[in-house]
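Read-outs: derived from the displayed coordinates by stated rules, not from any lab. Predicted model, so just to flag it, every value in this text is computed and none were measured. Cβ sites come from the backbone with ideal geometry, for glycine too, and all protein chains shown count toward neighbours.
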Amino acid sequence: MGRWATKEQGVEYRRRYYLANGEKMRAQAREYRKLHPVVVTPEQRRKLHALRKQRAGGLTESRIFRRLVHAFLRQRDGDMCWLCGLTICDDPRIVSVDHVLPLSQGGRADDPRNIRLTHLKCNMSRPKKSREV
Ligand SMILES: [Zn+2]
């Protein structure tokens, strides 16, 4: 166990100590960083880069969800854009899900009757006024 009867006591002590000696501690930290600069080796840099790349390439939960929604709408309505009537190819970058009744007007994103597939371009260029169906 630690030096303190409760965790809160330790936190309180450190808080008071910091209030009393904050400037001294910050000066020490500055001094420490001057003496021990952070050196990132090329090896570490490579590892970090690889890790970031790996994360970006993996599917996030929202991406998986979006794909499921797209697949559902495709199956229900076919590969068709509801705004221009042309085919939509299976490219997540150009597909968008349109809300029949906009969310801003109380439309629900989780109601299948309120969502349909559109081209991202068509959805973006659609005037707000004509959104009601
Ligand atoms: Zn379209």
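Observations
- Simple rule: put +1 on each Lys or Arg Cβ and -1 on each Asp or Glu Cβ in segment 7-57, find the dipole, and look at A29, Y17, P42; the Cα lying farthest toward the positive end is P42.
- Pairs of Lys residues in the chain are counted when their Cα atoms are under 29 angstrom apart and they lie 8 or more places apart or on different chains; the count is 5.
- Positive-end residue of T118, C89, S104, charge dipole of segment 61-131 with Cβ unit charges: S104
- Placing pseudo-labels 7 Å out from each Cα toward the beta carbon at V40 and A71 gives an inter-label distance of 3.7 nm.
- Between Q105 and M25, the contour length at 0.36 nm per residue exceeds the alpha carbon distance by 23.4 nm.
- For segment 7-57, the Cβ-based charge dipole about the Cα centre amounts to some 300 debye (Lys, Arg positive; Asp, Glu negative; other atoms uncharged).
- About its Cα centre, the dipole of the chain is roughly 760 debye, where the only charges are +1 on Lys and Arg Cβ and -1 on Asp and Glu Cβ.
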